[in-house]
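Have a look at the structure below, then the notes.
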Amino acid sequence: MIMEHIQFIAPEISLLCFALLIVLLDLFITQKRVLPVLSVIGAIVAATFIIVIWNTPPVGLFDKMISIDPFGLFFKLLILAATVLVILASHNYVLKFNKFQGEYYALLMLSAVGLMLLVSAINLITIYVALELSSISLYALVSFLKDKKSSEAGLKYLILGGVASAILLYGMAFIFGLTGNTCLTCIAEYVRGMPFKDLQEVPALMIGLVLIIAGFGFKIASVPFQMWVPDVYEGAPTTITAYLSVASKAAGFGVIARVLMTVFGLPVWLHNDWAMIIAVLAAITMTVGNLVAIVQTNIKRLFGYSSIAQAGYMMVGLAAMGLTMGTKENVTGGLIFFLLSYTLTNLGAFIAIIAISNKINSDEIEDYNGMIKRSPLLALGLTICLISLAGLPPTAGLIAKIYIFSGAVNMGLAWLVVIAVINSVISAYYYFKIAKAMWLGTPVTEEKVDASWPEWLALAACVVGVLALGVVPGLFMNLTTAAVRIFGI
Amino acid sequence: MPEITYSITFYLMAAIAVAAALGVIILRDVFRAALSLILLFMTVAGIYLLLHADFLAIVQILIYVGAISVLIIVAIMLTRDARQGQPLGKIKWVAGIVALALIGVIAWGVINTAFYLSSTPPLEETVKPLGNLLFGNPGYMLTSEIAAVLLLSAILGAIAVIREK
């Protein structure tokens, strides 16, 4: 029975094996350039395993611990893609910690293993352990530079992450105490059988729900659990900032969507309640993120607040998803498509930033002045990603926003969409502030800025993806609808 | 154990646990706060015993009292400047109000909810079934394995973070 199940977690196992191989090889070899090659191969092998099992009907494995379904598999592919791109972008960056490249790549891959398990977990215990696996690796990676800012960022992330974990566990304890179960579908069954008409009649469920949203809210950086973002994003190695802002956030949305939809999906009053909580949080999140981003002068901090604002848009999709439960509508594709587009766009922007900051040793926006003269291609790539983040044609960002907002309007969240559109306009201001500096500013020096070939490859992949999603979104819609058709068992 | 002794023991343990927890945050001397934390761990172990979770109680004492507390105390001894905790200042009142509100909401929730009660009697022998559950299938085998990977990543992370620059 175990052996039959093993094939379904082959992606995670293979990635883990490659991570171990890297740690071991790191001891013996002096040519460290082998390590990133191995990590990329590991991720590709894992992705191949995922594609092989893509068409199997959804199954719950290991006594309903994790589930194999298109939803989880889609997120796993997304996480692997982000991991590969971050590894490629690290090509020059890792020279900053020469001797410890092995640990760097291994921790990155272990964190990816944790995130992959997280998005397919269907048991509160598995969710918690997988979440901790990814977080512990990330705590270490954030403080990897060992300078003052990086250590401070790591410590802040560790302490606040610990608090968030405790809050999440407390919420889970309430749910377990109420239902006597940790498996999500068993809890859902119990909740559906309850003879109540209102959340206030079952306070433990309400407290559990709020605490769980708070715990995951930390992971996806929703206001008011966003206070760690600016400092951690600024202090962490830029490659890890990129990873945090996409992979960790995408997995956070994957798990929160699964938990809310499975456990709290029905009866109707229950999902109406949490959808409203999410909708209000979404409005606050994007407004706070965008307004504070305007005054930032450090590009990493700016992208920190920008990622908070983007999380707000994604929560619009999440709220709409909640309202569709029990109806014939299906707006889930919006969130999935947005995550895909956001991952490519944000990674593309970060790869350009990594390449530039490696050369100019600065993260201040004013040092990006006239970048178009110093490196036309990097500046162009970054500009395309900025256009996509602002949500303008012909990029993925526009389609993603239309997709997510039209779904929300259909579900009666027009007020939220109005706020979101106003926010998009505000965000265009600071995204174009960077673009303006690069295109119209006068450069401090004429010295050229160049990137290594893996960085070019990663940036090209992201930019092509962003444009392809924007010009021919139909190709990818099928993928995203396939991913949401089935929510596991 | 008769009902009344059971209740008295439980409330006694609970009261000591709350007092010890308060001590951890109120005591200014970090060393005394650590000792108060040890007391808290012990009373929690006592509550586990009352719940027939004898193995968990032993593990709680071995790991929390035995290992973690010692680690905390060694860390305090190594950092000589940190003997006095940071005073909370003005934020103290805000934090206090938020904490009280949270206690109020949670108490209201606990009192007004009909929690799930298991009808199965507590196990006489706990270690063997626990082992089977942790490493068996069906059971928590996968989760135990993930926890093992978690430890590995913690070790790797620690090595990377404490390296010579």
Which of the lysines could a cross-linker span from B:K92 if the Cα-Cα distance has to be under 21 Å and same-chain partners fewer than 8 positions apart are dropped?
A:K156
Can you compute the label reach from A:I44? Point 7 Å from Cα along the Cβ direction, backbone N cut-off under 20 Å, restricted to the range A:445-476.
A:452-465
Scan around A:L61 for amide H atoms under 5 Å from its own, H built in the peptide plane at 1.01 Å from N, and keep only partners 5 or more places away or cross-chain.
A:I66, A:S67, A:I68
Please find the FRET efficiency linking B:N112 to A:V421, where r is the Cβ-Cβ separation and R0 is fixed at 35 Å, and quote it to the nearest 0.05.
0.25
In order over the range A:73-87: 3J(HN,Hα) from phi, Karplus 6.51/-1.76/1.60, θ = phi - 60°, whole Hz, x for each Gly or Pro, gives 5, 4, 5, 5, 4, 4, 5, 5, 4, 4, 4, 4, 5, 5, 4
Across the residues of A:166-174, average count of Cβ atoms on other protein chains within 10 Å?
1
Within straight cross-link reach of A:K448, meaning Cα distance under 18 Å, which lysines are found once same-chain residues fewer than 8 apart are removed?
A:K359, A:K373
Could you tell me which of rounded, prolate or oblate describes the protein assembly as shown, using a ≥ b ≥ c as the square roots of the eigenvalues of the alpha-carbon gyration tensor, with rounded for a/c under 1.5 and, failing that, prolate when a/b is larger than b/c and oblate otherwise?
prolate
Output the 0 to 90 degree angle, nearest 10, between the alpha-carbon long axis of helix A:332-360 and the longest principal axis computed from the alpha carbons of chain A.
30
Pairs A:K76/A:K401; A:K401/A:K436; A:K300/A:K433; A:K76/A:K249; A:K64/B:K128: which exceed 19 Å Cα-Cα?
A:K76/A:K401; A:K401/A:K436; A:K64/B:K128
Taking only the C-alpha atoms, wrap a convex hull around the range A:267-489 and report its volume per residue in Å³ as a whole number.
117
Could you tell me the convex hull volume per residue, in Å³, taken over the Cα atoms of the range A:370-489?
131
Using Cβ counts within 10 Å as a stand-in for footprinting exposure, how do A:I384, B:I26, B:I159, B:I4 rank, fewest first?
B:I4, B:I26, B:I159, A:I384
Tell me, what is a quarter of the convex hull surface for the C-alpha atoms of chain B, in nm² with one decimal?
14.3
Rounded to the nearest 10, the angle in degrees between the Cα long axis of helix A:268-294 and the longest principal axis of the Cα atoms of chain A comes to 20
Inter-chain shielding metric for A:125-137, i.e. average beta-carbon neighbours from other chains within 10 angstrom, reads 5
Kirkwood hydrodynamic radius of the range A:341-405, from inverse mean 1/r over distinct Cα pairs, in Å:
12.3
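Throughout, read-outs are computed from the coordinates displayed, never taken from laboratory work. Note that the structure is predicted; figures quoted are calculated from it, not measured. Cβ sites come from the backbone with ideal geometry, for glycine too, and all protein chains shown count toward neighbours.
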